[in-house]
Structure formats: C-alpha cells, structure tokens
Amino acid sequence: WALGLLLGDGCFRGTPRVSTADPEIVARMSDALAPLGVRLRYVDGYDYRIVSIAGRARTGVQGAAPNALSTALERLRLRGHLSVDKFIPPEYLGAGREARAELLRGLMDADGWAESSGVARFGPSSARLAQDVTTLVRSIGGWCRTVEATVGRKRPTYRCAIYHSEMKSLFWLERKRIRLRDGSRRQRRLTVEAIEPVRR
C-alpha cells in the first residue's frame, strides 16, 4: 500500500516525499514507515519529507543520513524517477495476490477516484505506469481500459477505467469506497484474447 501511495503521490528525487491532504493517509503512512526507521516530516502545504528517525542522532541534522526507504527505492530502480516515467517494479507485479491488491489500493487512494456511475478511475502522467496498472488490475480479476488524455495539456496524461466484481476492494479510504457499489450493472466481463507463455 505504501509503495502504491508513493507511486501515485510521491516524489523520488532527493529525499523521498509524499503529498497528501488526508489525515487518514498521513496516519497509515506513518505506521507503514515506522518499521523502516523512517517517518514523515511536515514541510509545507500538503508536502511531507520521509526522513530517517535516527538521522539527527548520527549526524546532528534531521534527515541527513540515508534512510531505509531511499535504499529500497534505489534497489527497485525507482530513485530519481519523475512522475512521467514512474512504473511498478516487476517484483511487485509478480508478488502474491494480496500484495498486488494492497499495491493497487495505495495507487487508488493516492491518484484514483470513484464515480457514482460505478466506475473507478486512475489518472497517471506516466504511460508505463498506466500500462502497469492495467496489468495489475487484470492480475486480480478486474477489467481495465486505458486511454490517452491530452485535452488542454502540454504533456499527455492517461485515464484508466477500472471495473471489478468487488469495487469497494479497490480503495482503502472510506470516503472513496462509499461512492462505489459492488456488482454494478456496468461491470465488465473478462474475455480471453490470447494465451502466451511468459516464463517457466
């Protein structure tokens, strides 16, 4: 969930940062980061830096020491990426089903929204992330269609329309969950187009 949130509303350049106005997300993110020895430090507006708890003790400057999250982002090859070239690491696309479902919830809590018509949408600025989200949704039994949206924008953005038999499972945030109905009449049926081997 935490990685999904960072992919949706985080910054991987320099000290990792996350932007949110939701106190529930701040609380859950704080709990998720604590075992790594890092914490959220408020900057301004809706922005928080993710700094090492032990940074001050070692260096005298809060956040100056490398933290476990920075190390993890480096290992996942995400460090330094901008929003236009973010992606889901292959290790996570191939993880267990519950891990994939939690990753999707983090993405949707960060940059997704629910419509009263019964569809959930995700709007990244990265073409690769949009494709990865499509793969992720389909891997847990959902339906996803992605289109490019360029109206009034200098750079293309993408819109993923997502349906699932358990729509409310796509979000952790209750304020987004309550806008959805499971078993919507607009639910899409999955069809098989091709079966291709990808690995042994």
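The values are calculated or read from the model by the stated rules, or taken from the named source; none is laboratory data. Keep in mind that what you see is a predicted model, and the values were worked out from it rather than measured. Here the Cβ positions follow ideal geometry from the backbone for every residue, glycine too, while neighbour counts run over all protein chains shown. Remember, those area values only see protein heavy atoms, side chains included, never the ligands or the DNA or RNA. Shrake-Rupley method; radii C 1.70, N 1.55, O 1.52, S 1.80 Å.
General observations
- Whole-number accessible area per residue in Å² for the chain, which is evaluated in the context of all protein chains at 1.4 Å: 56 Å²
- Under 5 Å, built H, 5+ apart or other chain: amide partners of residue 118: none
- Taking 19 Å as the straight-line reach from the Cα of residue 176, the lysines in range (excluding those fewer than 8 positions away in the same chain) are 168.
- Structure-based [θ]222 nm, the chain - -39500 (n - 2.57) summed over DSSP H runs of at least 4, per residue, nearest 500: -9500 deg cm²/dmol
- Across the alpha-carbon set of region 113-168, the Rg to Rh ratio works out to 0.99, Rh being the Kirkwood radius.
- Between the listed residues 30, 149, 113, the Cα displaced farthest toward the positive end of the dipole of the chain, a dipole computed from Cβ unit charges relative to the Cα centre, is found at 149.
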